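The values are calculated or read from the model by the stated rules, or taken from the named source; none is laboratory data. Just so we're clear, the structure is a prediction, and the values are computed from it rather than from any experiment. Please note: Cβ atoms are built from the backbone with ideal geometry, for glycine as well, and neighbour counts cover all protein chains shown. All accessible areas refer to the heavy atoms of the entire protein, side chains included, with ligands and DNA or RNA removed. Shrake-Rupley method; radii C 1.70, N 1.55, O 1.52, S 1.80 Å.
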Amino acid sequence: PGIYVCAKCGHELFSSHAKYEHSSPWPAFTETVHEDSVSKRKERPGALKVSCGKCGNGLGHEFLNDGPKRGQSRF
């Protein structure tokens, strides 16, 4: 339980309350802690490249409409 932070700068990214089990080997989250927790840019249809909102460290992707509920995204 707690807050997941950027490994590079310590910026708050995700809460354990937004974490859920997914078939991928990486942790999956439905939302960020703060509006400015991450920055996003379109990489391909259905996926956004996600970086730390403070230092720009690469965090992976946001997969649109792939969350546990209809219409939710998966980080």
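Things to note:
- Selection over segment 1-42 of residues that are over 25 Å from Gly71 (Cβ atoms) and under 9 Å from the mean Cα position of the chain (by Cα) gives a count of 0.
- Selection from segment 21-42 of residues that are charged (D, E, K, R) and farther than 17 Å from Tyr4 by Cα: Lys40, Arg41, Lys42
- Flag for Leu13 being of a type outside the set (Val, Ile, Thr), open to solvent by less than 50 Å² (accessible area, probe 1.4 Å) and in contact with a Cys (Cβ under 8 Å, 6 or more places away or on another chain): yes
- In segment 43-58, the residues that are under 17 Å from Ala7 (Cα atoms) and over 13 Å from the mean Cα position of the chain (by Cα): Lys54, Cys55, Gly56
- Segment 1-16, residues that are in a loop (DSSP other than H, G, I, E, B) and within 20 Å of Gly53 (Cα to Cα): Gly2, Cys6, Ala7, Lys8, Cys9, Gly10, His11
- Summed over segment 17-75, the residues that are among the β-branched types (Val, Ile, Thr) and assigned to a loop (DSSP other than H, G, I, E, B) give a count of 3.
- Single residue of Tyr4, Tyr20 found to be open to solvent by less than 50 Å² (accessible area, probe 1.4 Å) and not small (Gly, Ala, Ser): Tyr20
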